[in-house]
Every structure is written in structure tokens, then in C-alpha cells.
1. Against the definition (touching a helix residue (DSSP H, G or I) at 6+ places or on another chain (Cβ under 6 Å), modelled with pLDDT of 95 or more and in a helix (DSSP H, G or I)), how does A:L96 come out, yes or no?
2. In the range B:117-144, how many residues are in contact with an Asp or Glu (Cβ under 7 Å, 6 or more places away or on another chain) and not aromatic (F, W, Y)?
3. Which of the residues spanning the range A:27-43 are open to solvent by less than 60 Å² (accessible area, probe 1.4 Å) and not in a loop (DSSP other than H, G, I, E, B)?
4. For the range B:375-394, what are the residues that are open to solvent by less than 30 Å² (accessible area, probe 1.4 Å) and under 21 Å from B:G335 (Cα atoms)?
5. For the range A:324-337, state whether one or more residues are open to solvent by less than 10 Å² (accessible area, probe 1.4 Å), closer than 26 Å to A:N350 by Cβ and touching a Lys or Arg at 6+ places or on another chain (Cβ under 6 Å).
6. So which residues in the range B:375-403 are among the hydrophobic types (A, V, I, L, M, F, W, C) and in a loop (DSSP other than H, G, I, E, B), if there are any at all?
7. Output the number of residues of the range A:288-313 satisfying the condition of being open to solvent by 30 Å² or more (accessible area, probe 1.4 Å) and closer than 18 Å to B:T85 by Cα.
8. Determine which member of the set B:A180, B:A162, B:A229, B:A243 is of a type in the set (A, V, I, L, M) and more than 30 Å from B:N288 (Cβ to Cβ).
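The values are calculated or read from the model by the stated rules, or taken from the named source; none is laboratory data. The model shown is predicted, which means the values in this text are computed figures rather than measured ones. Cβ sites come from the backbone with ideal geometry, for glycine too, and all protein chains shown count toward neighbours. These accessible areas exclude ligands, DNA and RNA; they are computed on the full protein's heavy atoms, side chains included. Shrake-Rupley method; radii C 1.70, N 1.55, O 1.52, S 1.80 Å.
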There are 2 protein chains.
Amino acid sequence: MRDDDSSSSFDSRGVRIDWDALVSPRTAGRVSKLGTETAFAVSAEATAFAALGHHVYPFHIGDLNFATPPNIVEASLRALKDGKTGYCPNAGIPILKEAVANEVNASRGLDYRAENVAVQPGGKPVIGKFLLTLMNPGDEVLYPNPGFPIYESQIEFHGGVAVPYRFVESATGFEIDLEALERSITPRTRLLILNDLQNPLGAECSPQEFERLSEIVSQHDLWVLSDEAYFDVRYSGTSTSFASIADMARRTVILYTFSKRFAMTGWRLGAALGPRSVIDVIATLNVNDESCTNHFVQYGGVEALTGDQTEPRRIVSVLKERRDAALKILRATPGVRCYEPRGTFYLFPNVTEAMRIKGFEDVDDFRREVLRETGVSVCSRTHFGRPQVDEDQHYVRFAYSGIEVDQIVEGLERFRSYLDLSTAAS
Amino acid sequence: MRDDDSSSSFDSRGVRIDWDALVSPRTAGRVSKLGTETAFAVSAEATAFAALGHHVYPFHIGDLNFATPPNIVEASLRALKDGKTGYCPNAGIPILKEAVANEVNASRGLDYRAENVAVQPGGKPVIGKFLLTLMNPGDEVLYPNPGFPIYESQIEFHGGVAVPYRFVESATGFEIDLEALERSITPRTRLLILNDLQNPLGAECSPQEFERLSEIVSQHDLWVLSDEAYFDVRYSGTSTSFASIADMARRTVILYTFSKRFAMTGWRLGAALGPRSVIDVIATLNVNDESCTNHFVQYGGVEALTGDQTEPRRIVSVLKERRDAALKILRATPGVRCYEPRGTFYLFPNVTEAMRIKGFEDVDDFRREVLRETGVSVCSRTHFGRPQVDEDQHYVRFAYSGIEVDQIVEGLERFRSYLDLSTAAS
């Protein structure tokens, strides 16, 4: 590493490398379509604010502040010490593929075999691999918006047309606007991305929504990516996989991840499950993209699924305490309307009235003032896909996966006071 | 998992899922262009042959039968126990990016900073990410053939035109056919993939070849992927990076991997290095594709680069013993011509005459008979890209990374006898 801060230096022959005089990289056209997780910009703002000596309540962070359960750590340590350090099968070690199939079958009433599973370095790789396998350039893909921003990015990066579907706020939560979704279908529509339970809304489909969606999918001969990242992070009721709806397994790929349930975000372990016709292609993409997922980590995954479940259950119960604490205050906060999601670790309150009270029209201006005035750092609706043209309600996302109850209470009380005082003054 | 072997079964509602009556997956057009590592078929043949009770000498396997050095294992264990299990920065932890930059700068006389490094889950992901960043559909990409088969696969899968360049066998090894390479350049040629030291040939460029290549690259304004997977697996002389040639760093992306030097193939740890204009895009592809590389594994990478080098050096010295043992017998084998590569763990003998002696025209027929008659399992030229139209010489690849000296000697003596007897008989 050079020790000065200049942008030019010397190569091995003493020839100056002038990095500023870069050869134009002529990046490919698709790069202009590449999105990212813009929430990282929120992290940067929070970090900069904290660096000034302010206390920050990190509600913008979607990572978990739990240790991975020790039995999972131990199983992976054992595998590492046992020399599971060479290549393994591209689609994953057989024992893990079988464990994932068993787990998904038991929890979702399905009937996958090991050959229906392709292990991945995380859940996220399933998004791109699903699209590369099934989407031709120009194909239209229905995706949730607001939703995980990588859907939009990957659809467009790989030449598809990202067609957003929306949610309507009801008395009890959010529902997919199925009529609008159906109206947006054209002869070029090929794929549907579902994320139930949903980031950032915490929404989930009712049996009626699933039923209607499955009719639409059959009628228009769509294939479905069912992103089930939060399937096991729920506090009441039972999660349902779209693949469990009659006849849908044959046209659905499930995105499975170890990240949330087992506090394994940094391990990068997940899987795609689906019909062999698609899973075989995804396994070949594994050969092309990364050969295989880390070998010894996969033994941790086996232990996660087959070992003691005390700690994963404790994680969910702690998350529930956090949800309850956050919700209680938010519901007492002027100008804020927040429904109770039964899962995920997100709250997505409507802050339209709060913004009106404070005189804001732009939700990110509001978000930044909240940070400055209270230390509470959140993402806004704008970090979850391009806002649709006729939106008139404003939302922010509180993630409580990385913040303790006492900090939740302290931070949200400051947020409430900030709006309470305004109400009193107005 | 179901316990019968039928292809239909029941979903959660008792409705039969008939996997055979699959919905046509309408896979995307690009899937027809997707290649793979066809060498896996050789593994399957060897396994089947061994299952019949035969002894197999696994010269087809490019993996290493060495344990990862214990200090690397320990560093990763410590990080895992220390809770490095959450997300980390998309382009890698700063200390690893700095260690990779330092290592590459010291060994190659270059001057990268941490910001020029994007950590990856292996070296292989750099291939696809380089192409997605710099290659438009229809762009022509020069790639080595015979060569690592994923180049051809990824170029074509992502819509490029794969234009092979060839090697000519000289008295001392293989040289790139630079005249033919230059003749194949058109106005659509944008990229060049180099792999020096090379799989499967073991070839490396002379200073004159590098110089001429750099002139061609400048003249035609190409960008270069320099796959340096075997840079540190060498027995004499010094490796050179194409990025070290004057003016080339500004248009070169280096593929760096921990896999070979540190016997870490199953860890999946590597990096892309290059100008920030490209590395920043590759880091954004990390956000999209896999979020980040396994967090605690990266601490193992830091130890690999900055810790004790005794074991990595021992690995190379053992590989050298294997090369010498294999080469000695191959050079005494009738109909086989084999030059001495100074690095990699491959030998790529010309077996044209051996095939003539045995009456074979197809190199894979020859390969299969060698397996049946001697137990020696190898890959052939056909596993390293589509053979070019006018090839008249035949080659097989012996990998000695996963087989001990005594087995090398025993296996290759059987191979020699197989051809010796034929010579005597003919």
C-alpha cells in the first residue's frame, strides 16, 4: 500500500501509474440498470451523525444482534477441524440437501427430495439465478414494491422489465392490490416474485389472497419466486408457502435462507428449492458462479435444521418482545399509524400525518430531521424500490432486529416526544 | 422425503403433485449457451469404475489433498467464536482488502489500495462479474482454448461472442499463437482473458509474449481479465502479472484466489483487483449477488496472507516432487511428449502418437480405455473448451494435486506399461 494520499504512483518498473488518467472502462449497458441496497446510505448518515458525538438508535439496520446458536457454531468448527476444506458438490453436500428438503417438507406440507435442492451462499443468490434461468430480455416480471430492492435491480440488470405491484393499507395491515396486479399483466409477463412475510411491510397473504394469486399464476402461466426469508420469524399464526397452494409447487422456486431464523447472516448459507428442470440449471449456475458454497459451513446448516431448537426459538421470542415494545410506543405517537405484523422484524408505520404536522413533503427530509432531532435512524419507503407515481402516503421502516428493548423504548420515546411537542405547539 | 421411488406424491392438502407432469419451465434462451465443467463426467466415470472394485489413480481431480494450514484454520475458528457471524461490508472486511492489496503489490510490483479490492466467495465469481461489468451482448471476447471451460460458458451465457485463441507447442512448452490471436480481432473485440500460469497447459507467457500482448491490448483498446489462480503455485522462476506490464494495470482486473496456494478450495475465498471504476461496479454486484463473502472466513484469509508461510511453502515443495515423479515416467512413456511446466499442478502431454499406436482417433475413447486398462483417470483436451476446427494433435491432462507420489508412480508405470507393451507388439 502506498503511504501518501496521491492518486498516482509507480509500477514495478518505476513507470508512473496514473489512476486518475483511467482508461474509460466502457462499462456494459446493463450496468446503468444496476441497483443496490440504498439503505447503506442511511447507515453512512447514521455513522457520520454518531461520529459527531450523538447517540444513534439504529432502527435502519436489518441485521440481527444475536450470536449464532452455539451448537451450530460447534458443528461447523468440527467440520473445519475434520478437514471439510476441499471442494464439495456444486449443489451442496447430500446431507444438507436432504435436511433442507425435510425441513421445508415438514413446515410447508411439501414433498421435495434432495435433488430438488441447490445450496447457495445465502438466500440472495437465488434471486439472480432464478431470473437468469427463466427470464428472457424484455420479459416482464411482477415484483413487490415497496419491497426488497434487489428484485428490481436484478430484473433490470439482466434485461427484464420490472413491473411493480403495490400493497393497499387496510384496517389490519397491507394487502396486495390484486386487481391492479392483474391489470398490469401483458402477454410478455412471465414471472412473479412473492415475499411473504414481506420486507419492509411485514405483510402476509391471507388464504384468499394466495388462492386468487394462484389462479392468476395458472391463468397467465407464470413462474413464481417465493422468497421465504422470514418464513420462520413469526410470533403468532402459521406461515404458508405459496408452493403449498394446490398445483403451485410445479411452477415455484422457493428462496430458503438460514440467515434470519438462526442468526447466520454473515455465514452466507441458503438454498433454492423447486422442480428439477429449474434446480438443475441453478446447480449449473453454481458451477459457473462460485463452484460451491463453503464446505464446512454446510455442516453448521445441518446442525441448525436437525439439532436443538431452543436458541432459535429464544431469538424469535426476544424479537417478539421488541416488536411489542416498539409497537406500543409507535401507536401512541401522534401522526403515526402502525399495524401489527405477525412476523418479520420490521414495522412500517404510515407517517403521512406526522410529516404534515412537521411540515415535510419529502419522507427522506423527514427521516433526516428525525435522526438529527432524536438520534432515531430509520429507512424510508424510498429505500425499497422506485416509488410508484401516484403514491400519496408516506412510510418509514423500523427494523428492530439489531437493537435491544431498552434502546427501542428510549429511542421511540424520543421520537414520540418530538411529535408530541409538535402537536402541542401546533 | 418420500420413501418410495415414484415421481408423484402428495402436497399438504393431499393433492397429488405429479413432478413428471411438469409445467414447461420455458428456460431463458441464454440457458442453451450455459456450459459447465464437463470434467465432472470424468469423475462420475472414475467413481463408477472404482465401484466395480477397480483401483483408480485420480489424475482427473484438480482439487488438493492437503489440509488447510492450521494457523489459517485457527484464525477462522477464533473469528467464528468471536461472533464474526453477522453481515460484513459487501466488498470485504477492510483488514482483508488491505492484506490482499499488500500481498499483490509485494509479489507483483503493483500499487493497489484496499479500495481496489473486492473480496469474493472464491476466485471464480470474478469471471462472471468481470464480464457482466464490461461486456455488452455481441461483444467479442478473446479467451484461451484449451483453457478453463467457465470462460467460454460465461461469455456465451451473458450474450458475448467467445473467440478462442490457441497455443502452439514449442520445444520448451506452449506459446500463445499471437499472430492468430491478432488476426481474430475485429471492431467488436472488447476483452481479453489471460490465465498465466495456465490450466490445463501449465503454460506461461515469456516477457516477449507479455510485451506483444500489451501492445495488442493497447492498440485495440481492450480490457483484460488476468486469472492468476496459479500465480503462487510454481517451482522455479518468478510469476509475472499482466497488470505489472507498463500501462496495463489501468485496464486489467486480477482474479486472485486463496484456493490453491493455501489449500482452501472449499473455503470459497478470493478477490477482484483493478481500477476503482470497475471494482466499484463489482462491489455493487456483490450487493446484488451474495451480499458479502462469509465473514469469519475472511479472518482466515488475513492470517493466510500475513501469518507463517511454512506450510504453504511445504505444499508447493510436495507438489514439485509430484511433478518431477510424474514427468520422469511420462517422458519415458512411448508415444507421449510432455514438457516441464514451472508451475500449476497439471501436466498436459501430447498423446497423438500414443493414440496412433493404440489405434484411437478420439481422445476420449483413448482416455476411457486407459482408465479400463490401467485405472489411470485423466481429463482430455475436450474438457477445456470446444476444440478448434483444425486441431490435429491430441492431449490429456494429468492433475497431480490430489494424488501422492507413490500412487503417481504406480499409476503412471501402469500407463507406461500399457503403451510399452503396445510398442513391443506393434
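1. Considered against the rule, which asks whether it is touching a helix residue (DSSP H, G or I) at 6+ places or on another chain (Cβ under 6 Å), modelled with pLDDT of 95 or more and in a helix (DSSP H, G or I), A:L96 comes out as yes.
2. Within the range B:117-144, the first condition is being in contact with an Asp or Glu (Cβ under 7 Å, 6 or more places away or on another chain), and the residues that meet it are B:121-122, B:124-125, B:128, B:143.
Subsequent filtering for residues that are not aromatic (F, W, Y) retains B:121-122, B:124-125, B:128.
Final tally of qualifying residues: 5.
3. Those that are open to solvent by less than 60 Å² (accessible area, probe 1.4 Å) and not in a loop (DSSP other than H, G, I, E, B): A:G29, A:R30, A:V31, A:A39, A:A41, A:V42, A:S43.
4. B:G375, B:V376, B:S377, B:V378, B:C379, B:S380, B:R381
5. Yes, some residue in the range A:324-337 is open to solvent by less than 10 Å² (accessible area, probe 1.4 Å), closer than 26 Å to A:N350 by Cβ and touching a Lys or Arg at 6+ places or on another chain (Cβ under 6 Å).
6. B:V378, B:F384, B:V389, B:I403
7. Count: 3.
8. Numbers: B:A162 fails: more than 30 Å from B:N288 (Cβ to Cβ); B:A229 fails: more than 30 Å from B:N288 (Cβ to Cβ); B:A243 fails: more than 30 Å from B:N288 (Cβ to Cβ).
Residue meeting the stated conditions: B:A180.
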